[in-house]
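**Q** Handing you this structure, nothing more for now.
The values are calculated or read from the model by the stated rules, or taken from the named source; none is laboratory data. Owing to the predicted nature of the structure, the values given are computational and were not obtained by experimental measurement. Cβ placement follows ideal geometry from the backbone for every residue including glycine, while neighbour counts extend to all protein chains displayed. Note: accessible area is taken over every heavy atom of the protein model, side chains too, but ligands, DNA and RNA are not part of it. Shrake-Rupley method; radii C 1.70, N 1.55, O 1.52, S 1.80 Å.
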Amino acid sequence: MAKSAEQGHPNQAFGWAATDTSGVLSPFKFSRRATGEKDVRFKVLFCGICHSDLHMIKNEWGKSRYPIVPGHEVVGIVTEVGSKVEKLKVGDKVGVGCFVGACHSCDDCANDLENYCPKKIYTYGDTYYDGTATQGGYSDVMVAEERYVIHFPDNLPLDGGAPLLCAGITVYSPLKYFELTKPGMHIGVVGLGGLGHVAVKFAKAFGAKVTVISTSPGKKEEALERLGADSFVVSRDPDQMRAAMGTMDGIIDTVFAAHPLLPLIGLLKSHGKLILVAAPIDRPIELPVYALMSGRKLVASSLSGGLKETQEMIDFAGKHNVTADVEVVPIDYVNTAMERLEKADVRYRFVIDIGNTLKAA
Ligand code: NAP
Ligand code: ZN
Ligand code: ZN
């Protein structure tokens, strides 16, 4: 039995879905499971648009199964909790990020690393335990097991906070794991998009000196004045890159377009770490091993974060006022938003105003 504050038909849901590789989204009716005893059900108010959503709706990773309701930066207000839900209650501000399930018995799960569980279940485009397709947050209602639901601090705005559930944890987790949070460290951030701009903010909150490495000279002023970066390097300018060589302790690279790693490795000090959180979608990356040898440098990668760390990140964001810079758009703008995202024409994350603009047809 669930403690409910909601009336009506519990299984009906409404969202926008892509139905083929064109990626065009349109209104879509589907169903959510009834609230199980460990489940939390919430009314979605905002959902961020991650570049992964764009990769998925266009089948750029070759694993998409249609129809797809994207969205893994989903926030809203709890409307119903199952009888075994312990920490959350009706009315709480909550969110769901990239995952809604895992095996809960492997070593990774035991270490709160559901994100590395071989049986992890993605929030959309995946298959749930019961065999149904998972669907994401471009929709009016969300149901997820409590373990996968993040509790938002009161002071963190839901629109600017939503992108932290993917973009935020994806950069926070490697900064922590690779020990790039010591105050005074010099951190580079490659690509000033959704992930990149929150990487700048978290690195600054940890006390780092931050340099943005970008293909867009036009972002310089904002990076320095609004986002708080300390310096800005245009990656296509060899003189600027040369001047920054051998200065960085760590680099978070968020660029999915093919680009050489050698110039980035050159920016690192000895023992510096280059963390790739995006992978080129069109061709494999070349690893210049000699450049790593001279300086015992490291190239690594990282996928999102576990649920315990995601809660820690959201609490840290609340305490240090870290939010994404967002352009809030209505749901019927979503296809235009995707076109603009493809051209890197967003400062710096689109967030869909689901609560006010998504109306069931
Ligand atoms: P985004 O907002 O589109 O930002 C990507 C940035 O890359 C752009 O703003 C741009 O910054 C730079 N860029 C350089 N060359 C580009 C080109 N040819 N086309 C477009 N952009 C170019 O994307 P995002 O949401 O931050 O996601 C970035 C990548 O991370 C995606 O591939 C996504 O799938 C992946 N991702 C990975 C994880 C994970 O767990 N590892 C999680 C979430 C997302 P400048 O203008 O500054 O150059
Ligand atoms: Zn994402
Ligand atoms: Zn597991």
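**Q** Only residues that are over 18 Å from K204 (Cβ atoms), open to solvent by 50 Å² or more (accessible area, probe 1.4 Å) and out of contact with any Leu (no Cβ under 9 Å at 6 or more places or on another chain): list them for the range 319-331, please.
**A** E327, V328
Listed here are the residues, each with its yes/no results for (1) closer than 24 Å to T254 by Cβ; (2) part of a loop (DSSP other than H, G, I, E, B).
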{"position": "S64", "(1), (2)": "yes, yes"}
{"position": "E86", "(1), (2)": "no, yes"}
{"position": "V94", "(1), (2)": "no, no"}
{"position": "P118", "(1), (2)": "no, yes"}
{"position": "G125", "(1), (2)": "yes, yes"}
{"position": "M142", "(1), (2)": "no, no"}
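**Q** Another one. Among (1) surrounded by 18 or more Cβ atoms within 10 Å (Cβ to Cβ); (2) outside the structural domain of F152 (by TED's automatic domain parsing); (3) touching a residue at least 60 places away in the same chain (Cβ under 8 Å); (4) under 22 Å from S235 (Cα atoms), where does L276 come up short?
**A** Unmet for L276, out of (1) surrounded by 18 or more Cβ atoms within 10 Å (Cβ to Cβ); (2) outside the structural domain of F152 (by TED's automatic domain parsing); (3) touching a residue at least 60 places away in the same chain (Cβ under 8 Å); (4) under 22 Å from S235 (Cα atoms): (3).
**Q** What pairs can you find where one residue is in the range 247-262 and under 25 Å from T181 (Cβ atoms) and away from ligand 1 (no atom under 14 Å from the Cβ), the other is open to solvent by less than 50 Å² (accessible area, probe 1.4 Å) and charged (D, E, K, R), and their Cβ atoms are less than 6 Å apart, with a gap of 6+ or different chains?
**A** G250/K273
**Q** Here is a further query. Give the residues of the range 54-108 that are within 15 Å of E146 (Cβ to Cβ), crowded, with 21+ Cβ neighbours inside 10 Å and within 16 Å of ligand 3 (Cβ to nearest atom), sorted by residue number.
**A** Those that are within 15 Å of E146 (Cβ to Cβ), crowded, with 21+ Cβ neighbours inside 10 Å and within 16 Å of ligand 3 (Cβ to nearest atom): F99, V100, G101, A102.
**Q** Hey, can you tell me all the residues within the range 279-318 that are free of Cβ contacts under 8 Å to residues at least 24 places away in the same chain and within 24 Å of K201 (Cβ to Cβ)?
**A** Scanning the range 279-318 gives A279, E312.
**Q** Can you name every residue in the range 103-127 that is away from ligand 2 (no atom under 13 Å from the Cβ) and either closer than 19 Å to R41 by Cα or in contact with a Ser or Thr (Cβ under 8 Å, 6 or more places away or on another chain) (or both)?
**A** Across the range 103-127, the qualifying residues are I121, D126, T127.
**Q** Further question on the same structure: Do the conditions hold for D154, that is, is it more than 24 Å from A324 (Cα to Cα) and either among the aromatic types (F, W, Y) or open to solvent by 10 Å² or more (accessible area, probe 1.4 Å) (or both)?
**A** no
**Q** Condition (residue is more than 23 Å from the chain's Cα centre (by Cα), open to solvent by 10 Å² or more (accessible area, probe 1.4 Å), modelled with pLDDT of 95 or more and in the same structural domain as G95 (by TED's automatic domain parsing)) applied to the range 40-50: is it met by at least one residue?
**A** For the range 40-50, residues more than 23 Å from the chain's Cα centre (by Cα), open to solvent by 10 Å² or more (accessible area, probe 1.4 Å), modelled with pLDDT of 95 or more and in the same structural domain as G95 (by TED's automatic domain parsing): absent.
**Q** For the range 96-116, name all the residues that are within 16 Å of ligand 1 (Cβ to nearest atom) and not in a loop (DSSP other than H, G, I, E, B).
**A** V96, F99, V100, D108, E114, N115, Y116
**Q** Exactly one condition in (1) assigned to a loop (DSSP other than H, G, I, E, B); (2) open to solvent by less than 20 Å² (accessible area, probe 1.4 Å) is not met by R283; state its number.
**A** (2)
**Q** Residue under question is T19, and the condition is that it be open to solvent by 60 Å² or more (accessible area, probe 1.4 Å), β-branched (V, I, T), touching a residue at least 24 places away in the same chain (Cβ under 8 Å) and farther than 20 Å from A317 by Cβ; does it hold?
**A** Yes; evaluated as a whole, the condition is true for this residue.
**Q** A further question follows. Could you check P263 against (1) in a helix (DSSP H, G or I); (2) open to solvent by 30 Å² or more (accessible area, probe 1.4 Å); (3) within 16 Å of ligand 2 (Cβ to nearest atom); (4) not charged (D, E, K, R) and say which number it fails?
**A** Condition not satisfied by P263: (3).
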